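The values are calculated or read from the model by the stated rules, or taken from the named source; none is laboratory data. Nothing here was measured: the structure is a model prediction, and the numbers come from that model. Here the Cβ is made from the backbone with ideal geometry for all residues, glycine too, and neighbour counts use every protein chain on show. These accessible areas exclude ligands, DNA and RNA; they are computed on the full protein's heavy atoms, side chains included. Shrake-Rupley method; radii C 1.70, N 1.55, O 1.52, S 1.80 Å.
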Amino acid sequence: MTPSSSSSWSERFVVRDGVRLSCRDWGVRGDWGDRGGSGGDVLLLHGLAGHAGEWDDTARLLRDSGHRVVALDQRGHGGSERNPSDGDVSRAAYVADVIAVIDQLGLDRPVLIGQSMGGSTALLTAAAHPGLPRALVLVEAGPDGANPGVQEQIGGWLRAWPVPFPSRAAAVAYLGGGTDSVGEGWARGLEERADGLWPRFDPEVMVRSLDEIATRAFWDEWSAITCPTLAVLGQGEHGGIIGGEEYAEMVRRRPALHGTSLPGTGHDVHLERPGVLHRLIVDFLADGERGGYRGGGRDGERGGDRGGSFSPADGPGTD
């Protein structure tokens, strides 16, 4: 373990097949000697070109709710190896990294929470290892794919970043697209060098990591998931990426799905409304403890539509 610059979390490293992965281990509030929590373990997975620090607000809230929380810098991102030594950025490699983190850090049937590409990693992990996660939370993520233009689109966007950013304010303004909380979240992942702020990823590695997503969907894997699942979707001016048809097919294949859309949010729900997201997660997990869904790693009896739509004014939590 390597001490971090934060008094709230420690940096821990996991090595799998020679690839070093960096994690933020938030422990449990009030007792760093005992890393178990009454609320159960949680593993947080960020999206493409993101970093573990995006989850800081949500991680702190979950930790303070009694959960042992770990956030992973996925391979190619953040403090993990930028260019994995094995060259493997397949979906299977990301899943295997999750298993290694769970095993080496001693997480017990964690709740897997992932945003965007991190949600894809969480989904595929739950499908491949049905007895492993206690529950699954997908934030702006789903099983649809087969988008051949996605690599050109995202690669073009990443290569167009005006780096180095001369200041944090400039990075926030550019990356946030008018939403400061999103810009701040992305800017926290930048690396300070003598000439300014740089991303901690290689755009070409990011593009390669989308090879499978560009060519196929993951509906069979979605149908194979047996743990209780919550989907949290953006619903705002900038919109989310999960369309109505995709969500309807998710429900058709797994009618017990719990789902919520948040008005006024876009793709980065975890950055825009961390307090609301936290409340949705803890209520979903508490519902399971009360018998709202069946135990034993199976889908629950409740759910089947998007549920309530919450806003900061009337939602189940605050930012």
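Which of the residues spanning region 202-226 are assigned to a loop (DSSP other than H, G, I, E, B) and within 17 Å of the chain's Cα centre (by Cα)? Show your work before the answer.
The first filter runs over region 202-226 and keeps only residues assigned to a loop (DSSP other than H, G, I, E, B), leaving 202, 209-210, 216-218, 225-226.
Residues satisfying the conditions are 209, 210.
Restricting to region 243-280, count the residues that are in a loop (DSSP other than H, G, I, E, B) and within 25 Å of residue 69 (Cβ to Cβ).
Applying the first criterion (in a loop (DSSP other than H, G, I, E, B)) to region 243-280 yields 243, 254-257, 264-268, 273.
Those still in the list that are within 25 Å of residue 69 (Cβ to Cβ) too: 257, 265-268, 273.
Matching residues across region 243-280 total 6.
Every residue, every condition in (1) touching a helix residue (DSSP H, G or I) at 6+ places or on another chain (Cβ under 9 Å); (2) modelled with pLDDT of 95 or more; (3) outside any helix (DSSP H, G or I); (4) open to solvent by 10 Å² or more (accessible area, probe 1.4 Å), yes or no:
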{"site": "34", "(1), (2), (3), (4)": "no, no, yes, yes"}
{"site": "39", "(1), (2), (3), (4)": "yes, no, yes, yes"}
{"site": "61", "(1), (2), (3), (4)": "yes, yes, no, yes"}
{"site": "70", "(1), (2), (3), (4)": "yes, yes, yes, no"}
{"site": "75", "(1), (2), (3), (4)": "yes, yes, yes, no"}
{"site": "79", "(1), (2), (3), (4)": "yes, yes, yes, yes"}
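Among the residues of region 65-76, is there at least one that is in contact (Cβ under 8 Å) with a residue 60 or more places away in the chain and over 19 Å from residue 116 (Cβ atoms)? Checked against the condition, which is being in contact (Cβ under 8 Å) with a residue 60 or more places away in the chain and over 19 Å from residue 116 (Cβ atoms), region 65-76 yields at least one hit.
Could you list, in sequence order, the residues of region 50-59 that are open to solvent by 10 Å² or more (accessible area, probe 1.4 Å) and in contact with a Lys or Arg (Cβ under 9 Å, 6 or more places away or on another chain)? I'd like the intermediate steps shown before the answer.
Taking region 50-59 first, the residues open to solvent by 10 Å² or more (accessible area, probe 1.4 Å) are 56-57.
Matches in region 50-59: 56 only.
Just a yes or no: is a residue in region 72-83 of a type in the set (D, E, K, R) and under 20 Å from residue 229 (Cα atoms)? No: zero hits. The strands (runs of 3 or more DSSP E) found wholly in region 82-196 and carrying at least 3 residues that are open to solvent by less than 60 Å² (accessible area, probe 1.4 Å) occupy 111-115, 135-139. Of all residues in region 19-32, those satisfying the criterion of being modelled with pLDDT of 95 or more and open to solvent by 30 Å² or more (accessible area, probe 1.4 Å) are 20, 24. Specify the residue that is farthest from residue 113 (Cα to Cα); the eligible residues are those in region 235-264 that are in contact with an Asp or Glu (Cβ under 6 Å, 6 or more places away or on another chain) and either at pLDDT 95 or above or among the acidic types (Asp, Glu) (or both). The qualifying residue farthest from residue 113 (Cα to Cα) is 246.
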